[in-house]
Structure formats: structure tokens, C-alpha cells
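Let me begin by presenting the structure, written as C-alpha cells, before commenting on it.
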Amino acid sequence: MMQSRFDIDPMSKEWIMRSISWKWKDWKAKVKIRHYYPYKTDEERLAHCDERVQPDQWPVFVKLWSTEEMQKVNRSDGKEPSRAELFIMTRTRKNGKPINEASSETKLRDRAKDQNSPMVNNKQGNVLLEIIGADKKGRPRCLELGPSPAEFGGLKRSHAETIRMVSEAKSEIQEVKEKMAIMEQTCAHMAS
């Protein structure tokens, strides 16, 4: 459907789809925080539908969010998980066991469960940083969507190559501007 409505460069399609997915997830989370968590019963929740949600879809959301499985996944306070908590959640099987030896760090798991430990992205006390080390250049772990260096060819370009590419882009822009000026003149001549 997206391809039929928009002209999308094939190289950008994967990033655009991930971006749309991320934004959809964020929007649902905001709706849930404003219209689901404040109410104790499903009847109250159903009565307080967000105006941007289709009335026939709201009961589906409420029913889904009220399932036992979703209650296990979601935090009761509606807050975003810390990087350490997200790291643990994404590396834990349904049976509660870690997916591999590296992600089974008990220190990280114990500190993530301790609500008083600093889980923010500061240099002091960042449990994730202490356990798994600093993020690799170009892609922070457990943070929002963003292109990786590999998606742009993987190699860092030299300063000279970057200048050459900018120069080529500027000359292409100039060519397009000249063509547009000619087209505008032709349209103006045809209109008169």
C-alpha cells in the first residue's frame, strides 16, 4: 500500500518501514498511558476512548492490553523501561532463561530489578555500560531507531572523498535548477 501512494527509493524502504513501525508503537504506548492505565476496569477504559482511535477498534486494544500475557510484558506504571531492563527483556526466553551465556549476567539482572539503582544513561552507575561495555561506534544498543554505518556502505569516507561527493551533488543540483528554469520559461511562454 505504501508503495502505491508514495515514491520511495528502494534503498530507503527498510529504514522507512522501521521508522513507521517505531512511530506506530510509540503512538500506541502514548494512547495506553493516557487512556488505559489511569482506569482500573475495562468498562472505565472502554468509556474513555482516544478520539483518534476508531470506535470499533478501541475495544480490541483494551481486550488485548488486558490479557494476562500482555500484563506480564507491560509495566504497571506505564513508564518506559531503562536500557538495562530493555536489554534483559530482549535477551530472555519465554521460560525466563537467558538466550545465551553473555546475556545471563546476574549482576545486570539483579541491578535491573533493584528500583533504586541508577538505570539512566549517565556515565556513573550505568549498569548496562558496566556489564556489557561501551556502545560500538555508530549504533547504540537498546535505543531508538537509526541507520547504522553498514546501511551507508559500511566504510567511513575520507575527507577528500566527502568533498568530491558534495561537489558532485552541488553540480547535479545546479543542473536540475537550470532545467527547472527552462521548464518554467516554457510554461510561461505557453500560458501567454
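Tabulated data for the structure shown
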item: Residue count, region 23-43 (criterion: β-branched (V, I, T) and in contact (Cβ under 8 Å) with a residue 12 or more places away in the chain); result: 2
item: Per-region count, region 31-50, residues of a type outside the set (D, E, K, R) and part of a loop (DSSP other than H, G, I, E, B); result: 7
item: Among (1) under 19 Å from the mean Cα position of the chain (by Cα); (2) under 24 Å from M89 (Cα atoms); (3) free of Cβ contacts under 8 Å to residues at least 12 places away in the same chain - the single one E69 does not satisfy; result: (1)
item: Complete set of residues in region 14-50 that are loosely packed, with under 14 Cβ neighbours inside 10 Å, under 16 Å from Q71 (Cβ atoms) and of a type in the set (D, E, K, R); result: K40
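This table checks each residue for (1) within 17 Å of D26 (Cα to Cα); (2) modelled with pLDDT under 85; (3) in contact with a strand residue (DSSP E or B) (Cβ under 6 Å, 6 or more places away or on another chain); (4) not assigned by TED's automatic domain parsing to the domain that holds W27.
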{"site": "T41", "(1), (2), (3), (4)": "no, no, no, no"}
{"site": "L46", "(1), (2), (3), (4)": "no, no, no, no"}
{"site": "D50", "(1), (2), (3), (4)": "yes, no, no, no"}
{"site": "Q54", "(1), (2), (3), (4)": "no, no, no, no"}
{"site": "P59", "(1), (2), (3), (4)": "no, no, no, no"}
{"site": "L64", "(1), (2), (3), (4)": "yes, no, no, no"}
{"site": "E68", "(1), (2), (3), (4)": "no, yes, no, no"}
{"site": "Q71", "(1), (2), (3), (4)": "no, yes, no, no"}
{"site": "N74", "(1), (2), (3), (4)": "yes, yes, no, no"}
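The values are calculated or read from the model by the stated rules, or taken from the named source; none is laboratory data. Fair warning: this is a prediction, and the values are worked out from it, not measured in the lab. Neighbour counts are summed over all protein chains in view; Cβ atoms, including those assigned to glycine, are modelled from backbone coordinates with ideal geometry.
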